[in-house]
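This report concerns only the one structure given below.
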Protein chains: 2
Amino acid sequence: MRTLVGNANVMDTPSDMEPHLIDWRKRHSGKAACVVFPRTTEQVSKVLAWCNDNAVKVFPQGGNTSVCGGSVPDNSGQSVLLNMRKMNRIVELNPRNNSMTVEAGCVLADIQAAALEADRLFPLTLGAEGSCQIGGNIATNAGGTNVLRFGNTRDLILGIEVVLADGRIWNGLRSLRKNNSGYDLKNLFIGSEGTLGVVTAATLKLFPRPHAVATAMLGVATVSAAVDAGLKLQAAFPGELVGLELISQSEFDISLRHAANTRNPFQKTPSWTVLVELAAATGTSESLADKLTDALSDSFSDGVVQDAVIASSEQQREDIWRIRHSVTEANGREGMGLTHDIAVPTYRIPDFVELAGLALAEHYPAAVPVVVGHMGDGNLHYIAMFKHEYWASVEDKAAVQLKLSHLLYDIAAEMGGTFSAEHGIGSLHVSEMGVYKDAAEIALMQEFKQLLDPRDTMNPGRVLPEVAAALRTG
Amino acid sequence: MRTLVGNANVMDTPSDMEPHLIDWRKRHSGKAACVVFPRTTEQVSKVLAWCNDNAVKVFPQGGNTSVCGGSVPDNSGQSVLLNMRKMNRIVELNPRNNSMTVEAGCVLADIQAAALEADRLFPLTLGAEGSCQIGGNIATNAGGTNVLRFGNTRDLILGIEVVLADGRIWNGLRSLRKNNSGYDLKNLFIGSEGTLGVVTAATLKLFPRPHAVATAMLGVATVSAAVDAGLKLQAAFPGELVGLELISQSEFDISLRHAANTRNPFQKTPSWTVLVELAAATGTSESLADKLTDALSDSFSDGVVQDAVIASSEQQREDIWRIRHSVTEANGREGMGLTHDIAVPTYRIPDFVELAGLALAEHYPAAVPVVVGHMGDGNLHYIAMFKHEYWASVEDKAAVQLKLSHLLYDIAAEMGGTFSAEHGIGSLHVSEMGVYKDAAEIALMQEFKQLLDPRDTMNPGRVLPEVAAALRTG
């Protein structure tokens, strides 16, 4: 490795490597022979080619913000951890083409900031944006709170550069909006979590920077009313509605209880809260808020919306978002939350919440259902919250967790839903792939894996069930 | 075939088969042993499996509207033409999920109409919409005039069902907005033009139906001014700007000269015309037109826009679009137009038009440059127009056509552009694939083809250069 990338770009003392071998939530850890920090695509190519020739496993790592054990190596201690942070150049930003080319190690927040500086928007936004890297976002097809309007990461990518398992470089860095010349290769790599190759650079889509924002919280009595309110807003503001989040009363109160600087904008926390955000290119935030108020008046008189708070200052806007952004931290203080990143067809959200609540009440009466999620995308983070002392008393925690999760995943699957909406598979959900995915689909995925990484050196044990099984026995 | 799909669904007399063996422009034709009309996915599966087992070539066909020879078989006369028109059911339309599941043989206009009836929009719109089928749109990742706002066909698809070359059925009909569970398979099939399998059904994204429309034509002096005006409109109306077309003076006048019921909305045809269309969910068309007028006032006073016509009635709107929609027909009457479906990064459009014009003037002085295209997507249909009598005198037409095309493609390629933006490859552009695509990219495509269709029975001779060569010699 030192020969390939230079002494300064290889790390192998345990204390230096340690932060790279455990995830930020301290739930997943692994070992590595060394951590390698390539500086160029050519170095990545050399590292992968060498590893492939010598059957050495490679685990790519971005900002190490995976919640699915996708960013730390396995426990062999024989593998190479390929950390991308030294490839962090913004190669080109072209406002007249609404495009930007970046290296994979660029931190998402830096990309957002560079776009804003050029009066443009790169709309991908999510909790980890201060440390996650665009390469990881692409590898996991990351979601977040702007998906309703701008799509997942996949939809924001014009082109990528990939180094394949054998070291071949595919330079697919195009900035074209249309290009129907042959198969679409990039989407196979986007979301493949580093198991088919390493994304080393990308050309991103930029959008006009919005100059007006309106943010509101709506209180509704039922999930069904929340979905109805959302559909009305989508119809009224198809170009401006960027965020449509759902928060249960339990989650809202947890956030108020444990997170710093939160305050309840309602007199009484509603059963369900819908967080709405509009963004417009022109006009003022005040006029946009007025339009939102007008659009909500029908839902008010219909009784669909019972209470509403519309931010009238940037401070109030921040207060509203703080409640939403604090949930992960607050949930950690509240108890042991078993989180599920499910998605169902949007109109089935009320059914999912009802059936999941009944199932928890029947089988896990100690669990409080806590719900927060991206309602507009049909994506809920459905959390079974146990008091810390209760969870401490559970004997086989892993077994309870698995059984409870599958109870919920079964309900989602029955509705044509998924057990993994935006967080990916990593190592955590590999077993669910075997349970919930169609056999024909798994077979096709394995054929692609076999084609592109026949020696299974790229991020082994992730995403695909049988490859993982082979690794465990091999 | 009769055993597999029933007597009524097989056709083999030459006179019956004839309309299926030649394309609508009478430029490409082929032969087939029979035309088969499957009624179910299972029948498609049986046909493909049998053909695969017996090494019989299969040519899938939708509405037969390809302009690249992609919808007619080759000349062997030993192949099966698989026509999808009998699989034309709308399986489900769910307004609360903004989704719609259709069989591949549904005509695009029928899908648009069904969506509108449910107060929704399926935004794919293109010249052939009255006869093209959604299966063909998916196979070619069709573009059209709404791509700027809603994306290509690829971006409008939530899930697909595919029958693979060996008869395996992959049911990927999901209606989820987020699903990060494993590799994205659907995008590999979308745009693969039937060479990797046959798309039999799809779940489509729907959008709120717009209730206000504003349409305008802007007269500008230069292509650069056109691009500037477009960028300003994009910044002002990111959610409403659905169409942004460019028309050269030559094309505008041809349309006026030859197409029925066209009239010039300008006193004098501008050097370049930008066709603008805004659509909004709410408000009136009048107020949207007022907003457009306001937004244009700056460009007027800057001198960027020299003349403008904003439609103030549906009649005027239709008059404006008629000029645009008549170009194919009018060009046919004007002369022999050699059409090129190029795309470049949007900001390079002025450079492309300039360099292409200089190249034509130098090497083909008899050709008049005629330009019409989707400026917002960087996609131009660049036409070298020859007088009929001149073209009749050209001896080696094919050689002139090839040389002229490559002259233009070279200019696009130099700018990071493509020789095929939205029409696909078909059989017409296979040779360009070998010339203009990166070798690593072609190699990857061939590996996928080899994996999914090792016997090369699926639409052979299309898309990939070397497979086509093998077919020619085999």
With the condition kept exactly as written, say whether any residue in the stretch A:61-71 is modelled with pLDDT under 95, more than 18 Å from A:VAL199 (Cα to Cα) and aliphatic (A, V, I, L, M).
-> yes
How many residues of the stretch A:254-286 are among the charged types (D, E, K, R) and either within 14 Å of chain B (Cβ to nearest Cβ) or touching a Gly at 6+ places or on another chain (Cβ under 7 Å) (or both)? The answer is 1
Report yes if A:GLU251 is crowded, with 23+ Cβ neighbours inside 10 Å, acidic (Asp, Glu) and part of a helix (DSSP H, G or I), otherwise no. yes
message: Among the residues that make up the stretch B:332-341, is at least one of them surrounded by fewer than 22 Cβ atoms within 10 Å (Cβ to Cβ), out of contact with any strand residue (DSSP E or B) (no Cβ under 8 Å at 6 or more places or on another chain) and in a helix (DSSP H, G or I)?
response: yes
Of (1) within 14 Å of chain A (Cβ to nearest Cβ); (2) touching a Ser or Thr at 6+ places or on another chain (Cβ under 8 Å), B:PRO95 fails just (2)
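Select, from A:VAL72, A:VAL35, A:VAL47, the only residue that is open to solvent by less than 70 Å² (accessible area, probe 1.4 Å), in a helix (DSSP H, G or I) and either among the small types (Gly, Ala, Ser) or not assigned by TED's automatic domain parsing to the domain that holds A:ILE134 (or both).
A:VAL47
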Within the stretch A:416-435, residues surrounded by fewer than 20 Cβ atoms within 10 Å (Cβ to Cβ) and either at the interface with another protein chain (Cβ under 7 Å from one of its Cβ atoms) or touching a residue at least 60 places away in the same chain (Cβ under 8 Å) (or both) come out as A:GLY416, A:LEU428
Just one listed residue, out of B:ALA115, B:ALA104, B:ALA33, B:ALA55, is in contact (Cβ under 8 Å) with a residue 60 or more places away in the chain and over 27 Å from the mean Cα position of the chain (by Cα), and it is B:ALA55
Within 30 Å of B:PRO350 (Cα to Cα), touching a strand residue (DSSP E or B) at 6+ places or on another chain (Cβ under 8 Å) and touching a residue at least 40 places away in the same chain (Cβ under 8 Å): does that describe A:ARG120? yes
Filter the stretch A:202-214 for residues that are open to solvent by less than 10 Å² (accessible area, probe 1.4 Å) and out of contact with any Phe, Trp or Tyr (no Cβ under 7 Å at 6 or more places or on another chain); the one that is nearest to A:ALA280 (Cα to Cα) is A:ALA212
By residue number, the members of the stretch B:75-91 that are in a loop (DSSP other than H, G, I, E, B) and buried (at least 24 other Cβ atoms within 10 Å of the Cβ) are B:MET84
Of the candidates B:ALA392, B:ALA308, the one satisfying the condition of being in a helix (DSSP H, G or I) and either at negative phi or of a type outside the set (A, V, I, L, M) (or both) is B:ALA392
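Working carefully through the options B:LEU158, B:LEU124, find the one that is of a type in the set (A, V, I, L, M), in a loop (DSSP other than H, G, I, E, B) and crowded, with 21+ Cβ neighbours inside 10 Å.
On inspection, the qualifying residue turns out to be B:LEU124.
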Residues of the stretch A:320-369 being touching a helix residue (DSSP H, G or I) at 6+ places or on another chain (Cβ under 7 Å), within 24 Å of A:ASP228 (Cα to Cα) and more than 14 Å from chain B (Cβ to nearest Cβ), in sequence order, are A:ILE323, A:VAL353, A:LEU355, A:ALA356, A:PRO369
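Answer yes or no as to whether B:ALA366 is open to solvent by 20 Å² or more (accessible area, probe 1.4 Å), out of contact with any Pro (no Cβ under 6 Å at 6 or more places or on another chain) and either of a type in the set (Phe, Trp, Tyr) or modelled with pLDDT under 95 (or both).
Details: open to solvent by 20 Å² or more (accessible area, probe 1.4 Å): yes; out of contact with any Pro (no Cβ under 6 Å at 6 or more places or on another chain): yes; either of a type in the set (Phe, Trp, Tyr) or modelled with pLDDT under 95 (or both): no.
For B:ALA366, the condition - open to solvent by 20 Å² or more (accessible area, probe 1.4 Å), out of contact with any Pro (no Cβ under 6 Å at 6 or more places or on another chain) and either of a type in the set (Phe, Trp, Tyr) or modelled with pLDDT under 95 (or both) - is not met.
In the stretch B:296-307, what count of residues is obtained for those that are within 18 Å of B:GLY243 (Cβ to Cβ) and either within 31 Å of the chain's Cα centre (by Cα) or within 12 Å of chain A (Cβ to nearest Cβ) (or both)?
The number of residues fulfilling the criteria is 2.
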Reported set for the stretch B:168-183 where residues are in contact (Cβ under 8 Å) with a residue 60 or more places away in the chain and either β-branched (Val, Ile, Thr) or open to solvent by less than 10 Å² (accessible area, probe 1.4 Å) (or both) is B:ILE169
Of the residues in the stretch A:136-145 that are in a loop (DSSP other than H, G, I, E, B) and either within 7 Å of chain B (Cβ to nearest Cβ) or open to solvent by 30 Å² or more (accessible area, probe 1.4 Å) (or both), the one that is nearest to A:GLU103 (Cα to Cα) is A:ASN141
Among (1) buried (at least 16 other Cβ atoms within 10 Å of the Cβ); (2) more than 29 Å from the chain's Cα centre (by Cα); (3) of a type in the set (S, T, N, Q), B:SER287 falls short only on (1)
Among (1) open to solvent by 10 Å² or more (accessible area, probe 1.4 Å); (2) more than 23 Å from B:GLY144 (Cβ to Cβ); (3) modelled with pLDDT under 95, B:SER299 falls short only on (1)
Conditions (1) more than 11 Å from every other protein chain (Cβ to nearest Cβ); (2) open to solvent by 20 Å² or more (accessible area, probe 1.4 Å) -> B:LYS186 fails only (1)
Expected output for the stretch A:133-162 (first residue over 17 Å from A:GLU193 (Cα atoms) and not assigned by TED's automatic domain parsing to the domain that holds A:GLY197, partner assigned to a helix (DSSP H, G or I) and not polar (S, T, N, Q), Cβ below 7 Å, 6+ apart or cross-chain) is none
Selection from the stretch A:257-276 of residues modelled with pLDDT of 95 or more and among the hydroxyl-bearing types (Ser, Thr, Tyr) yields A:THR269, A:SER271, A:THR273
query = On the given criteria, is A:LEU451 crowded, with 20+ Cβ neighbours inside 10 Å and within 8 Å of chain B (Cβ to nearest Cβ)?
reply = no
Exactly one of A:VAL467, A:VAL463, A:VAL372 is modelled with pLDDT under 95 and either surrounded by 18 or more Cβ atoms within 10 Å (Cβ to Cβ) or under 30 Å from A:ALA32 (Cβ atoms) (or both), and that one is A:VAL467
Among A:LYS178, A:LYS232, the single one that is in a loop (DSSP other than H, G, I, E, B), in contact with a Ser or Thr (Cβ under 9 Å, 6 or more places away or on another chain) and within 14 Å of chain B (Cβ to nearest Cβ) is A:LYS178
With criteria (1) surrounded by fewer than 16 Cβ atoms within 10 Å (Cβ to Cβ); (2) within 21 Å of B:ASP228 (Cα to Cα); (3) under 19 Å from the mean Cα position of the chain (by Cα), B:THR293 comes up short on (3)
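The values are calculated or read from the model by the stated rules, or taken from the named source; none is laboratory data. Quantities reported herein were computed from a predicted structural model and do not represent experimental measurements. No Cβ is skipped: glycine too gets one built from the backbone with ideal geometry, and neighbour counts run over all protein chains shown. What goes into the accessible areas is simple: the full protein's heavy atoms, side chains included, and nothing from ligands, DNA or RNA. Shrake-Rupley method; radii C 1.70, N 1.55, O 1.52, S 1.80 Å.
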